[in-house]
Amino acid sequence: MPPRPKSSEAQSLETNMLAFARSVQITEGVFHGTRGTGEERQRVPVEIMSKGVRGQSSEDNAKNAGKSNPQVVEFAAVPQGCDAIELSFSVRVLPCALRPHACDKAEVVHAYRKLAEAYAARGGFRRLAELYTWNVANGRFAWRNRWQTDAAEVRIDNFDGRKMAFNPLHDHLRDLETPAGMDDMTVAMTHGSQDDLKAFVDLFASALSGSGGPFTFAVVWSAAMQPGQEIFPSQEYVRDEVKQDNVSRIYAKLPALHGGRIIQQASMHSQKIGAALRHIDVWHGDASYGAIAVNPYGGVQETSAVLRDKGSKRSFYDLRRKPEELFAALEKSEGEIPGDIHFLMANLVRGGVFGSAKSE
């Protein structure tokens, strides 16, 4: 076990140039329609297509209020002949939170390394690993698609020779506000055992803390759906050059070979999957919200709320201005790690540019 730093050794965690690389790296997700089971099972890429629609101008201050508004939109649907849909991606976990990726002061690098060592020694990375695992098991990363079905499964493959599967719509996983514990996740398993789940979390935590090697695993969300039922890939911003073609909705897509031709396969951005998996900030203290995505100011995109703004004194930047308090809390051998420290370290796992506007 690495020695814990004394609070007297605490140094500044602020400097002008500071960046951390992502510890949880995710591939682009891709959608397939499926049919059959076992050896007869077939997978068909979901193709992005376009169609012309005749809507009505209904926005506030519309130029042609109530009048026809012809437009072109992209859409994706379960392929004909298929009775289910799959969203698949893979994840690689790295120990990038242990030290800055870029920093202009050696003493600040040293301070972050000592902080990460102290956090690892108290088992902090295991708590983050459990929360990330919860968001894999509950299928949050399927976003709107999660509610398009009454029967779904999340499979996790290729870790330590084991496989697991969960029912993301089980009563113990359906609630996305309050994290499920290890026992709850075990109850919702459709394949595997509690030992498999523990091994998965251990590997995840070891990769984050650097006590083990990098950890890679594959995830597949599958759900029963009807042919032609609409699905929802990531939506792109409509760029100016596309607006000229009157395309008002653009979906994310990747080239794929199917039937001897190149098609545009529906996809989910890695950033959107990552945003779902990092819905682990349960320490923000606002009773109106459950778990939110980790970010320095506790912003909630769906409501534009900011739960950790500068006035709250609980933003990432406010907390790191008091390194002595952080180190002192981690020196304690008993009791739980304070939520603010989990939050700060979760931001380092998330990665990003954290330079100070003004350093001392």
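Values quoted throughout were computed directly from the atomic coordinates according to the rules given, and no laboratory measurement underlies them. Please read these numbers as outputs of a predicted model, since none were measured by experiment. Cβ: placed from backbone, ideal geometry, glycine included. Neighbour counts: every protein chain shown.
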Counting only residues in region 308-328 that are out of contact with any helix residue (DSSP H, G or I) (no Cβ under 8 Å at 6 or more places or on another chain) and basic (Lys, Arg), the one farthest from GLY355 (Cα to Cα) is identified as LYS313
If VAL30 passes every condition in (1) closer than 28 Å to PHE200 by Cα; (2) within 25 Å of the chain's Cα centre (by Cα); (3) surrounded by fewer than 20 Cβ atoms within 10 Å (Cβ to Cβ) but one, which one does it miss?
-> (3)
Where in region 29-93 are there strands (runs of 3 or more DSSP E), lying wholly inside it, with at least 1 residues that are touching a helix residue (DSSP H, G or I) at 6+ places or on another chain (Cβ under 9 Å)?
-> 29-35, 84-93
Within region 269-292, considering residues that are touching a strand residue (DSSP E or B) at 6+ places or on another chain (Cβ under 7 Å) and assigned to a loop (DSSP other than H, G, I, E, B), the one nearest to THR133 (Cα to Cα) = HIS279
Which of (1) under 20 Å from GLU230 (Cα atoms); (2) under 27 Å from the mean Cα position of the chain (by Cα); (3) not hydroxyl-bearing (Ser, Thr, Tyr) does GLU117 not meet, given it meets every other one?
-> (1)
Looking at (1) among the aromatic types (Phe, Trp, Tyr); (2) buried (at least 20 other Cβ atoms within 10 Å of the Cβ); (3) within 19 Å of the chain's Cα centre (by Cα), find the lone condition where PHE354 falls short.
-> (3)
Screening LEU115, LEU173 for residues that are touching a Leu at 6+ places or on another chain (Cβ under 9 Å), on the phi < 0 side of the Ramachandran plot and either not hydroxyl-bearing (Ser, Thr, Tyr) or not in a helix (DSSP H, G or I) (or both) leaves only LEU115
Within region 204-219, is there a residue that is among the small types (Gly, Ala, Ser), under 25 Å from ALA76 (Cα atoms) and surrounded by fewer than 21 Cβ atoms within 10 Å (Cβ to Cβ)?
-> yes
Could you please find all residues in region 263-285 being of a type in the set (A, V, I, L, M) and over 23 Å from THR178 (Cα atoms)?
-> ILE263, ALA266, MET268
Assess whether PHE159 counts as being crowded, with 22+ Cβ neighbours inside 10 Å and touching a Leu at 6+ places or on another chain (Cβ under 7 Å).
-> no
For residues that are over 16 Å from the mean Cα position of the chain (by Cα) and touching a residue at least 60 places away in the same chain (Cβ under 8 Å), tally how many sit in region 143-163.
-> 9
